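My structure is below; once you've seen it, I'll send some questions.
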Amino acid sequence: MINFNVPPYAEKAYDYIRECVKNQKICGDGPYTKKCNEWIERKTGTAKCLLTTSCTHATELAALLLPDIGPGDEVIMPSFTFVSTADAFVLRGAVPVFVDIRPDTMNMDEKLVEAAVTERTKAIVPVHYAGVACEMDTIMEIAERHDLAVIEDAAQGIMSTYKGRALGTIGNFGCFSFHETKNYSMGEGGALLIRDQKDVEQAEIIREKGTNRSKYYRGQIDKYTWINYGSSYLPSDMNAAYLYAQLEIAEEINEARLACWNRYYGNLKPLADAGRIELPVVPEGCVHNGHMFYIKTADIGERTELIDYLKKNEILSVFHYIPLHTAPAGQKFGRFHGEDRYTTRESERLLRLPMYYGLKEEQVDDICDTVKKFYGR
Ligand SMILES: *Cc1c(COP(=O)(O)O)cnc(C)c1O
């Protein structure tokens with residue numbers, strides 16, 4: 001059986017977690033959390049990284065950092081995304097305004113964003129699907145013109161770049177996920193990337209229950225106190241230790257994933273050239289991280305048959321998001337702006353093939369042969 005996902009793991013995690021337990025240092029903002037933050041800062045060039053308990057929480061924290069967002073305000077995002085992208089803003093009473101996606105990358109269509117801006121719009125939330133960047137120059141330009149914040153949902157985007165810049169560092173805030181389904185995992189976890197130094201202090205305060213405890217720990221003040229609203233978004237240092245072991249071999253993990261991705265692409269190219277399936281598109285200027293390999297079938301019926309066929313051949317494949325605007329909560333809290341030309345149609349055709357660190361190239365070959373057999377029947 002070839003699984004769809006096997007969570008990433010690095011051998012050193014044992015030693016690092018043992019050290020946490022031995023030193024009885026397992027609470028938040030310990031030595032491994034600091035190492036992870038510094039690693040991400042170095043790698044991405046962001047002004048500040050704060051490890052969080054999830055990407056969902058990183059996005060919530062970003063929403064709390066937009067001081068004037070409240071009931072009735074609007075946030076523009078794609079409907080083809082995970083619920084967390086919308087939840088963070090719905091929790092503040094804001095309305096997710098969904099715009100259609102581009103069929104080539106499955107990312108929000110940047111050309112449709114400006115028409116969705118109203119006087120209540122406060123932010124744009126691009127989601128970098130499959131670790132392939134949205135058209136950020138256009139999105140940033142619209143945001144600047146209308147004085148909107150940009151929060152990048154880069155849950156799938158660590159190690160990817162757009163015109164040489166790390167995903168998550170272009171907007172005011174960027175959010176990474178270290179859930180076990182992502183390229184690097186701490187079980188449950190994430191990170192908030194802060195572009196501007198001016199936002200760092202408030203972020204530290206809100207993440208620490210509304211207190212200035214971070215400053216206290218750095219010895220900058222002699223006691224800490226409650227100074228703003230906040231919550232608790234600190235992961236245990238044991239989870240950070242688990243993650244840090246993977247960050248140390250991040251390049252190796254990235255290369256292994258890209259090798260599988262490229263092998264899928266090469267093997268399946270003839271099927272795409274024959275017009276039987278479609279393959280993912282990576283626009284010029286975008287470097288991706290092999291987060292996901294998907295194909296597109298003719299329609300939902302063919303996709304269901306292919307999933308069953310692969311399963312009979314001991315290969316697990318999955319489809320992805322049900323568009324948020326068609327879900328009960330999406331209908332209650334949000335609205336779709338413009339026409340749904342691609343979101344529903346393309347999401348029904350998309351099929352994700354097995355992809356994880358440790359997947360062997362021979363296995364990729366087997367999977368591709370099975371897909372070819374399905375289309376050759
Ligand atoms: C995984 C994912 C999330 C949520 O990440 P968690 O760390 O599980 O909260 C949010 N957005 C997107 C696009 C994701 O893929």
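Nothing in this text is a laboratory measurement; each read-out follows from the coordinates by a stated rule. All of these numbers come straight from a predicted model, not from anything done at the bench. Here Cβ is always computed from backbone atoms with ideal geometry, including for glycine, and neighbour counts include all displayed protein chains.
For the stretch 1-102, with the dipole built from +1 on Lys and Arg beta-carbon atoms and -1 on Asp and Glu ones, taken about the Cα centre, which of Thr46, Gly72, Thr33 lies farthest toward the positive end?
Of the candidates, Thr33 comes out farthest on the positive side.
How large is ³J(HN,Hα), in whole Hz, for each residue of the stretch 288-299 in order, when computed from phi with the Karplus curve 6.51 cos²θ - 1.76 cosθ + 1.60 and θ = phi - 60°, using x for Gly and Pro?
With the stated coefficients, the stretch 288-299 comes to 9, 10, x, 4, 8, 10, 10, 10, 10, 8, 4, 7 Hz.
With a ≥ b ≥ c the root eigenvalues of the C-alpha gyration tensor of the stretch 103-236, is it rounded (a/c under 1.5), prolate (a/b larger than b/c) or oblate?
Because a/c hits 1.5 or more and a/b fails to exceed b/c, the stretch 103-236 counts as oblate.
Give the long-range amide H neighbours of Phe4: residues separated by 5 or more places, or on another chain, with amide H under 5 Å away, using H modelled in the peptide plane at 1.01 Å from N.
Leu316
Next question. Classify the stretch 37-125 as rounded, prolate or oblate from the Cα gyration tensor: take a ≥ b ≥ c as the square roots of its eigenvalues, call it rounded if a/c is under 1.5, otherwise prolate when a/b beats b/c and oblate if not.
oblate
I'd like the Karplus ³J(HN,Hα) series for the stretch 169-177: coefficients 6.51, -1.76, 1.60, θ = phi - 60°, whole numbers in Hz, and an x wherever there's a Gly or Pro.
Coupling constants for the stretch 169-177: 10, 8, x, 4, 9, x, 10, 9, 10 Hz.
Report the GluC sites (Glu not before Pro) located in the stretch 193-269 that are in a DSSP loop and have at most 16 other Cβ atoms inside 10 Å of their Cβ, or state none.
Glu248
Figure the gain on full extension for Val281 and Glu19 (residue separation times 0.36 nm, minus the Cα-Cα span) and round it to one decimal in nm.
Details: separation 262, 0.36 × 262 = 94.32 nm, distance 4.35 nm.
Taking Val281 through Glu19 to full extension adds about 90.0 nm, to one decimal.
How far apart, in nm, are the 7 Å Cα→Cβ label points at Lys209 and Asn228?
1.8
Roughly how big is the chain's charge dipole about its Cα centre, with Cβ charges of +1 (Lys, Arg) and -1 (Asp, Glu), in debye to the nearest 20?
Dipole magnitude for the chain comes out near 680 debye.
Between Asp137 and Glu180, 0.36 nm times their residue separation minus their Cα-Cα distance comes to what?
Between Asp137 and Glu180, full extension yields 12.4 nm more.
So, one more: When Rg is the radius of gyration of the Cα atoms in the chain and Rh is its Kirkwood radius, what does Rg/Rh come to?
0.98
Quick one: putting +1 on the C-beta of Lys and Arg, -1 on the C-beta of Asp and Glu, what dipole do you get for the stretch 53-177 around its Cα centre, in Debye to the nearest 20?
My answer is approximately 240 debye.
Here is a follow-up. Per residue of the stretch 319-332, in order, report the coupling 6.51 cos²θ - 1.76 cosθ + 1.60 (Karplus, θ = phi - 60°) as ³J(HN,Hα) in whole Hz, putting x for Gly and Pro.
8, 10, 4, 7, x, 4, 5, 9, 7, x, 5, x, 6, 6
Let me ask another. Give me the net charge of Tyr375's neighbourhood, meaning all other residues with Cβ under 10 Å from the Cβ of Tyr375; Lys, Arg count +1, Asp, Glu -1.
That sum, taken over residues with Cβ under 10 Å, equals +3.
Before rounding to the nearest 500, sum -39500 (n - 2.57) across all DSSP H runs of length at least 4 in the chain and divide by the residue total; then give [θ] at 222 nm in deg cm²/dmol.
-11500 deg cm²/dmol, from helical runs alone.
Same structure, new question: Count charges around Pro235 for me, please; just the other residues with Cβ under 12 Å from its Cβ, Lys/Arg as +1, Asp/Glu as -1. Display every interim value, and only then the final one.
On the way: positive: Arg207; negative: Asp29, Glu188, Asp237.
Computed value for this residue: -2.
Say the cut-off is 19 Å between C-alpha atoms; which of Lys12/Lys34; Lys311/Lys373; Lys35/Lys163; Lys269/Lys372; Lys12/Lys35 go over it?
Over 19 Å apart, Cα to Cα: Lys35/Lys163.
Classify the stretch 2-60 as rounded, prolate or oblate, taking a ≥ b ≥ c as the square roots of the eigenvalues of its Cα gyration tensor: rounded when a/c is under 1.5, otherwise prolate if a/b is larger than b/c and oblate if not.
Oblate shape, in that a/c is at least 1.5 and b/c is the bigger or equal ratio.
Out of Pro283, Asn313, Pro328, whose Cα points farthest toward the positive end of the dipole of the stretch 277-343 (charges: +1 Lys, Arg; -1 Asp, Glu; placed on Cβ)?
Going by the Cα projections, it comes out as Pro328.
Mind checking which lysines have their C-alpha under 27 Å from Lys332, skipping anything on the same chain fewer than 8 residues away?
Lys111, Lys122
For the stretch 2-46 and the stretch 111-136, what is the separation of their Cα centres, given in Å?
The two parts, judged by their Cα centres, are 32 Å apart.
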